[in-house]
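All remarks here apply to the structure that follows.
The values are calculated or read from the model by the stated rules, or taken from the named source; none is laboratory data. Since the model is a prediction, treat every value here as computed from it, not as a measurement. As a convention, Cβ positions derive from the backbone with ideal geometry for all residues, glycine included, and neighbour counts pool all protein chains shown.
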């Protein structure tokens, strides 16, 4: 069945990430890194098999149909067109513009500008900065879908607005989000999903997200030690945590590349380990989205697996954070 375009509805039947006060704080010791990366030498194999299931909440209620869950299981992503339309979409666009034009945010750590300009490229922790986007993060059409995919009521590990301006928006290198979250934030396992609501039309000329279907079932370790405060560079141009060209070529030869496109208001769900990238925007049309990462409470971040220290809180929230 298709996900209906109902008004925003904050569902109270399920605990949300901000209410999970009953999760014990003690963390079990991590005996061994299941997904070693940021290696000094090339590994014996280009990748290793994923150890966790992909769709973990088949038995849970939510907005996704069985056919949609099966597609996500197979490809590692799912695009739902026209999830939000009309005045609801217009309201979210106005909220995005208000946040992006807020002068007080421009020079903050959680505000990332284009490498060659002062135009904001990404604004993080938006579900805390905006009551409206906080409601969206708790909306059943997003949080409910995440619950079905990760197998538990989620909390928001990360949120942001991405904006790629016309003519000037830069691309972003191939990567697995999980590789970064594991190495630099201490996320133990592949129990997270990203939900990207597109706020402008995505077409082949304005740098849409490209994904390698099926890549979510293979973890590709990366070479190179993580520098101190790597996030300050990687959020503008990612150089560490990038798969080898040999691994990428083999995966693309096996699975191909897809770039989901559609009108503003569509929702892209993709697994934390799906390899993705984007080209520069050489068209006049900007590309923007509001983006939430939903994580399972038992998969909260611990000590980073391959970095000197954890990244700041605006990049990796806890289950009970009240960030400001």
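When the stretch 76-102 is limited to residues that are surrounded by 15 or more Cβ atoms within 10 Å (Cβ to Cβ) and part of a helix (DSSP H, G or I), the one that is modelled with the lowest pLDDT turns out to be 100.
Residues in the stretch 249-276 that are crowded, with 20+ Cβ neighbours inside 10 Å and not in a loop (DSSP other than H, G, I, E, B): 251, 267, 268, 269, 270, 271, 276. Within the option set 294, 270, 314, being touching a residue at least 40 places away in the same chain (Cβ under 8 Å) and touching a helix residue (DSSP H, G or I) at 6+ places or on another chain (Cβ under 7 Å) holds for one residue only, 294. Looking across the stretch 209-233, the residues that are assigned to a loop (DSSP other than H, G, I, E, B) and touching a residue at least 60 places away in the same chain (Cβ under 8 Å) come down to 212, 213, 214, 220, 221, 222, 224, 225, 226, 228, 230. Looking only at residues in the stretch 121-133 that are touching a strand residue (DSSP E or B) at 6+ places or on another chain (Cβ under 9 Å) and part of a helix (DSSP H, G or I), the one that is surrounded by the fewest Cβ atoms within 10 Å (Cβ to Cβ) is 128.
So residue 73 clears everything in (1) under 20 Å from residue 190 (Cβ atoms); (2) modelled with pLDDT of 95 or more; (3) within 22 Å of the chain's Cα centre (by Cα); (4) part of a loop (DSSP other than H, G, I, E, B) except one condition, right? Which one? So the condition that residue 73 fails would be (4). All of 224, 256, 265 fail the test of being touching a helix residue (DSSP H, G or I) at 6+ places or on another chain (Cβ under 9 Å) and at positive phi, apart from 265.
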